[in-house]
Amino acid sequence: MKTAFYPRLAWTNIRKNNNIYLPYLLAASLIVGLYYILRSIAVMVLQSKIEGYGHMYEMLKVSATVCGILSFPVLIYINSFIMKQRKREFGLYGILGLGKNHIAFVVCWEGFFAAFASIGCGILGGALLSQLLFLILMHLVRLPVSLQFQIPLVPVAATIVLFFGVFAFTLVMDIISIWRTNPADLLRSSHQGEKEPRSRRILTVLGILTLGAGYLISWSIRSPYDALGLFFPAV
């Protein structure tokens, strides 16, 4: 089978399923752009050397970290929804003669296109908005600053590495899911409803304890400076 067959089929699948892929790409681009904006503004604040830049930099860095961590479950959940809608299609491919390795190649190319589009659009949009948001931030704290258009390379590299890892992780999950399921099950899976979640008493108790601990930490904060170090443990 020709190598060019897989990217062509993957691109055709994305265009054919644009009703589910377009919201996914928009959501992923927004998450990528938000993370890049936070990292970029943090670098701009650090370079500006304005009054209180150290505390502002730490707050932005913590916010970017929280955003990066939360992007994992959000993108994984959206990706799982897309895969559920596509499993009937993959099952049909299997019945028509495509092996699981061929379907995996197609999924890999689809993941590559989605990652390239989301990361590229997110960084491009974030680069344009970060300059404006930095000026708004300086206006809110009433500090004069001169702005020169710049695209910091460190936030760009950090964004690419982080979200490349997120998309690679979701891709591995997709391939494992396809590999462990036979074509007949793939055809039936798209019509199956969500299973009732099992009760997890230990996880429930841990969830209540950690939620209560988070609120106790937040109530114990007496100054904004303490919030810098305790915000992430509370979350």
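The values are calculated or read from the model by the stated rules, or taken from the named source; none is laboratory data. Because the structure is predicted, anything quoted here is derived from the model rather than measured. We place every Cβ from the backbone using ideal geometry, glycine too, and count neighbours over all the protein chains shown. Remember, those area values only see protein heavy atoms, side chains included, never the ligands or the DNA or RNA. Shrake-Rupley method; radii C 1.70, N 1.55, O 1.52, S 1.80 Å.
Taking the Cβ-Cβ separation of residue 89 and residue 202 as r and a Förster radius of 35 Å, what is the calculated FRET efficiency to the nearest 0.05?
Details: r = 38 Å, r/R0 = 1.09.
After rounding to 0.05, the efficiency reads 0.35.
Using the Kirkwood radius built from alpha carbon pairs, what does the Stokes-Einstein equation give as D for segment 1-109 at 20 °C and 1.002 mPa s, in µm² per second? Stokes-Einstein gives a translational diffusion coefficient of 128 µm²/s. Taking all protein chains together, 93, 215 sort by accessible area into 215, 93, largest first [probe 1.4 Å].
The largest-to-smallest principal axis extents of the Cα set in segment 71-115 are 36, 19, 12 Å. As a calculated quantity, the FRET efficiency between residue 46 and residue 216 at R0 = 22 Å, using C-beta atoms, amounts to about 0.10.
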